[in-house]
Every structure is written in structure tokens, then in C-alpha cells.
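First comes the structure, then the notes that go with it.
Every read-out reported here was derived from the displayed coordinates using simple, explicitly stated rules and does not represent laboratory data. No experiment lies behind these values; they were computed from the predicted model shown. All Cβ positions, glycine included, derive from the backbone under ideal geometry; neighbour counts span all protein chains shown.
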Amino acid sequence: MNMKSFLLSFILIYLLLSLPAFFGIGYVIDWVPEATLGQKFNGYVIAGLGNQFLLKSLCAVIASIVLSLLLSNRKVGKRM
């Protein structure tokens, strides 16, 4: 298993799993007209990354392991 492909796929999968939280409508900051850009960034991005952290991490680890094993088996198959 290649560590580089594992880490890259983990990050990409985690971000894909976080996208629904990034674009969530109805977040409390939506209803505050005086919210600054920093507060909106914190509300959407930081909270989106941290929301359901353990579940998204577990799914991303499992998917990354499978993906990196498939990629390493594909490379080994081409060498033979």
C-alpha cells in the first residue's frame, strides 16, 4: 500500500463527504445580516469539516485503504 496515494485519497474523500455540510442551507449564520466574512467562513467551512468527524474519517479511511490497495494491485499486475 502506497502511503502517498492513501493520504491523497483520504483527503479527497473526506472533502467530498464534507461538501453537503459546506453548502448546507439553513445554517444559523444565514439569518444574521451583520455576519462578517470571517464568521461566515468559520460557519460553513470549519463547521462543515468538523461536523460528524468520526463518521466521515472512518468512511474515508476505509475507502482510502480499498482505493490504495486497488491501485497497488493494478501496478503489480502491469509489471508481471
Relative contact order [Cα under 8 Å, 6+ residues apart], region 3-78, whole percent:
50 percent
For Gln52, project a label point 7 Å along Cα to C-beta. Then give me every residue of region 2-16 with its amide nitrogen under 16 Å of that point.
13-16
Assign unit charges at the C-beta atoms only (+1 for Lys and Arg, -1 for Asp and Glu), then state the dipole size of region 3-78 relative to its Cα centre in Debye, rounded to the nearest 20.
620 debye
